């Protein structure tokens, strides 16, 4: 397994005045950089190092979302969106959606059939 299959996000952080890159499957990791592409490459290298450390110590390696059944992937992405909204609301910003929208999105994610 390589770091290529994981889910990455790079966004501007006004608090840090830099881009922050994260990996959904490794929520405790982040990489700050003045350049968005350098941030992405930094988090990807860090994830690769962590995978090697986990493999060497015999610890479980998180499965990439891209390799999970689609329902698990939907739930994980929805959870990330909910968490982002909660963080924004605790920082005094209006969350990007309300509770009714969250419930509707969750029901749709569960009920929508997937055709492969």
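The values are calculated or read from the model by the stated rules, or taken from the named source; none is laboratory data. Just so it is clear, the structure is predicted and the values come from calculations on it, not from any experiment. Glycine also receives a Cβ, built like all others from the backbone with ideal geometry; neighbour counts cover every protein chain displayed.
The rows are residues; the columns are (1) part of a helix (DSSP H, G or I); (2) modelled with pLDDT of 95 or more; (3) surrounded by 15 or more Cβ atoms within 10 Å (Cβ to Cβ).
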position: 53; (1), (2), (3): yes, yes, no
position: 66; (1), (2), (3): yes, no, no
position: 78; (1), (2), (3): yes, no, yes
position: 82; (1), (2), (3): yes, no, yes
position: 92; (1), (2), (3): no, no, no
position: 96; (1), (2), (3): no, no, no
position: 106; (1), (2), (3): yes, no, yes
Hey, could you check region 1-24 for residues that are crowded, with 20+ Cβ neighbours inside 10 Å and not in a strand (DSSP E or B) and say which is farthest from the chain's Cα centre (by Cα)? 3
Going through region 25-49 in order, the residues found to be more than 13 Å from the chain's Cα centre (by Cα) and within 20 Å of residue 68 (Cα to Cα) are 48
